[in-house]
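Below is one structure, written out as C-alpha cells; comments come after it.
The values are calculated or read from the model by the stated rules, or taken from the named source; none is laboratory data. Keep in mind it's a predicted model, so treat the numbers as computed, not measured. In this analysis, Cβ positions are derived from the backbone assuming ideal geometry, glycine residues included, and neighbour counts consider all displayed protein chains. For accessibility, only protein heavy atoms count, side chains too; no ligands or nucleic acids. Shrake-Rupley method; radii C 1.70, N 1.55, O 1.52, S 1.80 Å.
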Amino acid sequence: MSKHEHVTLKVKPGASSGNGWQQVIASNGLMYSFKYSGGYQDKGGLKTKVGDGPALIDVHVDKDQRYTIDHVHFTDDPYHQLSWAQGDDASGVIMDANTQAEDADYAIVVADAQAGGATIPCDPMIQNEPRGPKPRGRITQH
C-alpha cells in the first residue's frame, strides 16, 4: 500500500533547541531554526517498502507568510526516485516512485522575505527499504 504523508515545516530566525528544532545557517550567514511535524517519526520524513507503490509527501510551510518555498533539493537519489511539484508559494508535493531501495534526502529551501530573500535549507530524510529482511550490518543515520 502506498504512503501519503502530510508534513508541516515551521521556520523561525535565531537558535532554538529541543523538541525537534534543528539549527541551520542561512545564505545570509544568520542562524535560523526549523522543525518538521508529520511524516515518518513526526520529523518530516518518509519510510516505505519498495514496491508498495508511489509515495507522496504533502509539504506546507507554517502560516507565517514571510517564508515561502524557494526550491527543493534532493541528495543521495541515484535512481531518480524523487520529484517535486510546486503548489502555491508555501506548499507542494514530493513524489517518490518507490521502485528502488535507497536512502535519500530532500531539503526544502525556504526564502525569508523579511531578510531580503535569504534562503534556509531544511532537510529530513526519505528511505525506501528493500522488501524482506533488512541487510545485516546496515545502519542508516540522518
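Details
- Note, ³J(HN,Hα) from phi for the range 60-76, Karplus 6.51, -1.76, 1.60, rounded to Hz, x at Gly and Pro: 10, 7, 3, 4, 5, 6, 6, 10, 10, 7, 7, 6, 10, 10, 10, 10, 6
- With each label modelled as a point 7 angstrom along the Cα→C-beta vector, the Gln100-Ser37 pair spans 3.6 nm.
- Extension gain for Ala113-Val50 works out to 18.8 nm (0.36 nm per residue, less the C-alpha to C-alpha distance).
- Candidates Val110, Val59, Val24: whichever shows maximal mean-square fluctuation once the chain is modelled as a Gaussian network with Cα springs under 10 Å: Val24
- For the options Pro121, Pro78, Pro13, a Gaussian network treatment of the chain with springs between C-alpha atoms closer than 10 Å singles out Pro78 as fluctuating the most.
- Amide proton proximity set for Gly92, modelled H, under 5 Å, gap of 5+: Val59, Gly87
- Percent RCO, i.e. relative contact order, over the chain, from Cα pairs under 8 Å lying at least 6 residues apart: 24
- Within the shell of other residues whose beta carbon sits under 12 angstrom from the beta carbon of Gly45, the net charge comes to -3, with Lys and Arg scored +1 and Asp and Glu -1.
- Inter-site label distance for Asn28 and Thr75 at 7 Å from Cα along Cβ, in nm: 2.4
- Lysines with Cα under 29 Å of Lys63, excluding same-chain neighbours fewer than 8 positions away: Lys3, Lys10, Lys12, Lys35, Lys43, Lys47
- Sparse packing (at most 12 other Cβ atoms within 10 Å of the Cβ) combined with a DSSP loop state is found for the following trypsin sites (Lys or Arg not before Pro) in the range 1-73: Lys63.
- Aspartates and glutamates with Cα under 15 Å of Lys49, excluding same-chain neighbours fewer than 8 positions away: Glu5, Asp96, Glu102, Asp103, Glu129
- Solvent-free Debye scattering, log10 I(q)/I(0), computed from the Cα coordinates of the range 59-120 at q = 0.13, 0.23 Å⁻¹: -0.39, -0.90
- Charge tally for Pro124 (other residues, Cβ to Cβ under 9 Å; Lys, Arg +1; Asp, Glu -1): -1.
- Sum of side-chain charges, Gln22 neighbourhood, beta-carbon under 12 Å (Lys, Arg +1; Asp, Glu -1): +3
- The chain: C-alpha gyration tensor shape, a/c 1.5 cut-off, then a/b vs b/c: prolate
- Chain lengthening between Asp89 and Arg66 when straightened (0.36 nm per residue, less Cα-Cα): 7.2 nm
- Mean accessible surface per residue for the chain, computed with a 1.4 Å probe while every protein chain stays in place, in Å²: 54
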